[in-house]
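Just so it is clear, none of the values below were taken in a lab; they were calculated from the coordinates. In this text the structure is predicted, and so the values were computed from the model without any measurement. We place every Cβ from the backbone using ideal geometry, glycine too, and count neighbours over all the protein chains shown.
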Amino acid sequence: MPSQVKRPADSYSPLYFLSSVGAGGVAVTFFMFLMFWVPHPDRPVPIFEDIVAAWARGNLPQQVAIAIAMGGIALFAVLNLKALVWNIAAIGRFKQTEAYTKLRNSNAESTLAAYPLAVAMSINASFIVGLVFVPGLWSVVEYLFPAAMAAFFLTGLFALRTIGHFLGRVLTKGGVFDMTAHNSFAQMLPAFSLAMVGVGFAAPAAMSATPQTVAAALVLSTFFGIGAILYGLYASVTGFASMLHYGTARESGPTLMIMVPLMTILGILFMRQTHGLHVTFDVHASDAETMMFLIRLVSVQVVFLLLGTLVLRAQGYFSDFVLGSRTSPGSYALVCPAVAFNVLGMFLVHKGFVAAGVLDKFSAGYWAITAVFLAAQAIAVLLVFRLNRQHFGKPAARVAVPAE
């Protein structure tokens with residue numbers, strides 16, 4: 001009964017898994033500080049020993065950046081896992097309700113793909129925590145890669161099973177998919193889930209020194225990456241056609257920006273593959289080519305950020321669902337674009353502009369551009385705290401509005 005709802009989150013939706021995804025993503029944004037500001041010449045990523053060495057010989061600004069990064073990673077990794085555990089328990093209860101049966105027979109069944117998405121994000125975030133806080137981890141990393149790939153394989157099977165159930169129902173029974181309720185990019189969530197699994201598989205391709213591990217990672221990450229691209233093409237084209245006809249569903253408006261995290265995940269996936277091909281199989285790509293690749297992806301992000309902001313402002317979404325008293329679990333989808341813009345932007349600055357000689361690291365121009373992406377990170381941090389307070393705060397008379 002509505003009178004028994006004490007918090008908006010007590011009116012459960014699988015989209016609440018995005019609260020875990022968002023927190024994990026913010027942890028990654030703090031890892032970017034270490035990735036690009038802590039020297040790690042012998043490894044593709046910084047580890048505990050690199051961070052300790054940088055702290056010992058660094059100046060005060062670098063030490064402050066390291067402290068902020070490690071604190072941010074620890075805090076948001078905890079929030080990530082806390083939200084994941086809460087969601088797993090909550091969805092277990094939700095499956096016993098009539099609302100779950102109704103969801104499984106509607107367009108919103110695709111929101112269940114947020115579950116494997118959150119699991120894959122937590123695996124990625126946990127690996128970062130290990131790199132940053134566990135001494136000596138790199139000495140056994142070749143043993144960890146197969147274990148990580150096994151975890152991603154199981155998560156990938158979970159994602160494929162979830163998506164397969166949805167597609168099997170809508171593609172074999174005519175008339176069960178409501179095109180009038182397809183007026184958003186909500187159906188892009190399965191593509192997001194597949195891409196997150198794919199980028200996890202791509203990590204050993206970039207970091208392993210074992211050719212067989214790299215090859216296996218290349219195969220599996222390519223499969224899930226291509227799956228994400230194909231599904232994303234179908235969902236975006238049909239969704240945009242429905243939006244042109246029926247207008248954008250208000251509660252699902254934030255999904256218009258889902259292309260932003262998708263570009264980041266796929267971009268990192270392909271960059272990891274390129275690095276693995278370079279180190280292990282002697283395939284080379286120039287810094288200028290990498291810069292242009294990143295510029296194209298960030299350009300796509302900017303287009304969809306502008307489109308999403310335009311529609312959400314016109315619908316008054318921010319004033320109602322972010323700054324106002326109304327709540328929707330779909331609001332957590334706003335965290336992912338801010339996170340993704342920061343992460344891919346940091347890669348553009350360092351692996352693109354600095355590597356290609358366009359910018360000098362730590363110059364005025366460098367900081368001017370980096371400030372834009374740091375602002376995106378700040379927005380993501382504020383959104384996580386704001387939305388958590390709105391949805392999980394103790395006293396609330398509001399009921400969450402489910403997103404299709």
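Between 0 and 90 degrees, the angle of helix 211-246 with respect to the longest Cα principal axis of the chain falls at about 40 degrees.
Per residue of the chain, the DSSP helices (runs of n ≥ 4 H) give a summed -39500 (n - 2.57) that works out to -23500 deg cm²/dmol at 222 nm. Measuring between alpha carbons in the structure, the pairs from Lys95/Lys173; Lys6/Lys102; Lys82/Lys361 lying more than 30 angstrom apart are Lys82/Lys361. Taking the C-alpha atoms only, the angle from helix 48-57 to the longest principal axis of the chain is near 60 degrees.
Listed from fewest to most Cβ neighbours within 10 Å, the set Val52, Val339 follows the order Val52, Val339.
FRET efficiency for the Trp367 to Ala288 pair, using the beta carbon distance and R₀ = 30 Å, is estimated at 0.85. A simple charge model with +1 on the Cβ of Lys and Arg, -1 on the Cβ of Asp and Glu and nothing else charged puts the dipole of the range 1-74 at about 220 debye relative to its Cα centre. Only one of (i) 22.5, 75; (ii) 20.8, 66; (iii) 23.9, 80 was calculated from the structure for Rg and Dmax of the Cα atoms in Å, and its label is (ii). Summing charges over all other residues whose Cβ lies under 15 Å from the Cβ of Met271, with Lys and Arg as +1 and Asp and Glu as -1, gives +1.
Charge dipole of the range 84-195 (Cα centre as origin; +1 on each Lys and Arg Cβ, -1 on each Asp and Glu Cβ, all else neutral): 340 debye, rounded to the nearest 20. Look at the dipole of the chain built from charges on Cβ: of Gly253, Ser11, Ala120, the Cα furthest out on the positive end belongs to Ser11. Going from the residue with the fewest nearby Cβ atoms within 10 Å to the one with the most, Tyr366, Tyr246 rank Tyr246, Tyr366.
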